[in-house]
Amino acid sequence: MFTEEDDRLIAERFAALMEACQHILHTDKDKAFLVDAFTFANRAHYGVRRRSGEPYIVHPLAVATIIAKEIGLGLKSIAASLLHDVVEDTDYTLEDIASRFGDKVAAMVDGLTKIKQVGDLAYSTSEQAENFRKMLYTLSDDVRVMIIKLADRLHNMRTLQSMPKEKQMKIVGETISIYAPLAHRLGLYAIKSELEDLSLKYSFPEDYKMIADKLAETAAGRKRFIDKFTAPVIEKLNDSEIKYQIYGREKTIYSIWKKMQRKQITIDEVYDLFAVRIVFEPVLYVPEKSQCWHIYSLITDIYKPKPDRIRDWVNIPKANGYEALHCTVMGPDGVWVEVQIRSTRMDEIAERGFAAHWKYKSGTNGEIQEKELDQWLREVRDALNRSTDDAVEFLDEFKLTLYASEIVVFTPKGETRTLPQGATALDFAYYIHSKVGNHAIGAKVNHKTVSIFSPIQSGDQVEILTSKTAEPKVEWLDHVVTAKAKQHIKYYIKKQQDNNIARGIEIFNEELAKHGVTPIARVFRKVVPAYGCKTKDEFYSKVGAGIISLDNLGRILKENTAQKLIKYWTFQVSNTIRKLGSGGGGKGGDGEEDIPEHDDQIFRVAECCYPIPGDEVIGFKEKDGTVTVHKKNCSVALDLAAKHGDRIVQTQWSSQKEISYLCHIRLKGMDRVGILLDVSQIITAQLGVNIRKLYIESHDAIFEGYISLYVRDIKDLNDLIAQVRKVKGVESVQRVESIQEVTI
Ligand code: MN
């Protein structure tokens, strides 16, 4: 049985796991769940030792710690890691686990148990791909199973020395052919490298030792070289106020060994034993891509780059999500040095794979992360279900679903294109080329014709159908998600608008000329709103685009003229009033000479009270010399008279009758069908009065409305009011100075 020392070791390792889980143990419930999983596993494996002599539970504890600390999965995965060997190696069943830890954890443990059985089957190299597929199928219920299996394998590789030789070889073979590539596909670089190095250590121990020794031997010289190389780079980076880490990064022993094998060279001939890595903290609001290239330019100011050795995985990340900018430069002493430039985010994704990717996508909320994880798992499962016989094709599809935020689609030629999740066929069209986007009329997705607005999915093959006459419309903007598509659509529309404005100016000026009118500001004040436009540019561009036809321009211009007459009417100044106003009378009949000549004076009807002939009026001289005429009892006029008595001009109506004046009436009554028609007929047909605006609002069987109309004088208006009052249902008709709302 276990000694006190064994128990102390177990307690120590569990404490380390708890420590690694601190950031995900949000509640006491979380903590209790983890303690429970450990207690259960510990009891199940209690008294059993590994081949190394350690208590068996040390292994599940180590796997759980890798899952928590090195990969970053959640609590359920950590529990499943602790329990992963329980069903296979002890008397506890899956049901025991399900009832205690829930179906999800039990399903993961089930998958891990099954894979152990698949792994026990022998297979030849030619069958490996197919077996791998089968294995993943077995595990496809939950991708976390694969990841836990990787952690399990990593710990077994770390402790491989206690295994018998022939078992070591089988495990190493699987590791190099299955697990290291899987880690690579999942973007778990640190784990992939470690698995490869450990595999080499056991399969070619002499080679491994030789390379390791050589690296140790040359370490001091390398460090001096790296210091020499980085010194001027550090200076430049500091000058640019970039926050960064810079360090030499040795190539893995396995990758050096691979290169020696491939090129049939000795280790002394491998020149790139290390790379210099710069990991910078990106500043806000500047694309990380630009920051990478900025650092690149700082370095190449110092060292000449090797032109054909730039690897831009920032613009086009590797299929497994790896992002970085790699370049090779001529360092001191004529030595080529590879430099890897990454942001802290890129670095974490490179080292920890998609687990880090989630972190950057969804913040720290555990629940959201669980949801995203489930979504990702569903997509992997769908991909697994879609795949048919070809194992290799399946692997390709598998990697497509690693990043839920992106989709990868195929061109008709079979080339892949990466687009954001939610992209439509139109996004794809613009991704191919702006000309393709601008002339898109439809798409063929997997050989089926669909609308260009159709969303596309990972794995779809997309072909865009175009037509020379097609062109972008404003509503296209609602159906694209990529910045590129939006930018091109906006640009096209803007350009088109500019063209339309130019064409509109030409057309409008021509039309105006036909009517003998010049395009002055007053014309626009009337014409632009008459066509329902807010600005001159809008008006021009609509004319240019053919949306507005100028067929009725003549009528609108005439209306204008009529309005102009109303506003600029010549009043006669009353001599008698003037005379009284000038006081005295000593000059007698000569007084006429004192009267200024008012015949050319411009008068204007005030828009606060709309006086009409017959109203008592008063005029005020404006700064521009015109006179504004108010009703005498208008509140604005009273105010002006009090403050600016010097500007008062006495006025009275002339006897001209052919001019109409704008005025407003308000009516109220009981709503009934046809009342509006009756009222307007009386006004227009019976009285021959021109209605300008009519606004009726009806609620709870009561109507209230305003009518703006043109009358010649107050007698006309009073007659009209009397007539309208007679209409059945109308209860009150009143002249008002202004209307509150005009919508017609
Ligand atoms: Mn295990």
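Against the empirical 2.2 N^0.38 Å (N residues), the range 182-300 has a Cα radius of gyration ratio of 1.28.
Computed from the C-beta positions of residue 410 and residue 231, the FRET efficiency with R₀ = 56 Å rounds to 0.70.
Within the range 426-498, the ratio Rg/Rh, alpha carbon atoms throughout and Rh by Kirkwood, equals 0.96. Net length available on complete extension from residue 638 to residue 673 is 8.3 nm, with 0.36 nm assigned per residue and the Cα-Cα distance removed. Taking amide hydrogens as placed 1.01 Å from N in the peptide plane, the amide H of residue 324 sits under 5 Å from those of 313, 314, each at least 5 positions away in sequence or on another chain. Using bins of 10 Å that start at zero, the share of Cα-Cα pairs per bin across the range 413-465 amounts to 29, 64, 8, in whole %. Projecting the Cα atoms of 266, 291, 278 onto the charge dipole of the range 255-294, computed from C-beta unit charges around the Cα centre, puts 266 farthest toward the positive end. Sorting the segments 153-162, 423-432, 195-204 by their residues' average number of neighbouring beta-carbon atoms within 10 angstrom, most packed first, yields 423-432, 195-204, 153-162.
Comparing the range 9-113 with the 2.2 N^0.38 Å rule of thumb, its C-alpha radius of gyration ratio is 0.98 (two decimals).
In terms of surrounding Cβ atoms within a 10 Å radius of their Cβ, 528, 48 rank from fewest to most as 48, 528.
Under a model in which nothing but the beta-carbon of Lys, Arg (+1) and Asp, Glu (-1) is charged, the range 241-300 shows a dipole of about 300 debye around its Cα centre. Distance between the 7 Å Cα→Cβ label points at residue 217 and residue 608: 10.3 nm. Hydrodynamic estimate: the Kirkwood radius of the range 259-334 over Cα pairs, inserted into Stokes-Einstein at 25 °C and 0.890 mPa s, corresponds to D of 169 µm²/s. Estimated translational diffusion coefficient (Stokes-Einstein, Kirkwood radius over Cα pairs, 25 °C, 0.890 mPa s) of the range 229-356: 158 µm² per second. Where does the Debye-calculated log10 I(q)/I(0) of the range 1-68 sit at q = 0.17, 0.22 Å⁻¹, using only Cα point scatterers of equal weight, no solvent? Reported log10 I(q)/I(0), two decimals: -0.59, -0.93. By the count of neighbouring beta-carbon atoms within 10 Å, fewest first, 292, 634 end up ordered 634, 292.
Please arrange 45, 447, 294 by how many other C-beta atoms lie within 10 Å of their C-beta, fewest to most.
On the way: 45 24, 447 8, 294 14.
In order of increasing Cβ crowding within 10 Å: 447, 294, 45.
A short reminder: the numbers here are calculations on the coordinates, not readings from a lab. Quick caveat, the model's predicted, so the values are computed rather than measured. When we count neighbours, we look across all protein chains shown, and the Cβ atoms used for this are built from the backbone with ideal geometry, even at glycine.
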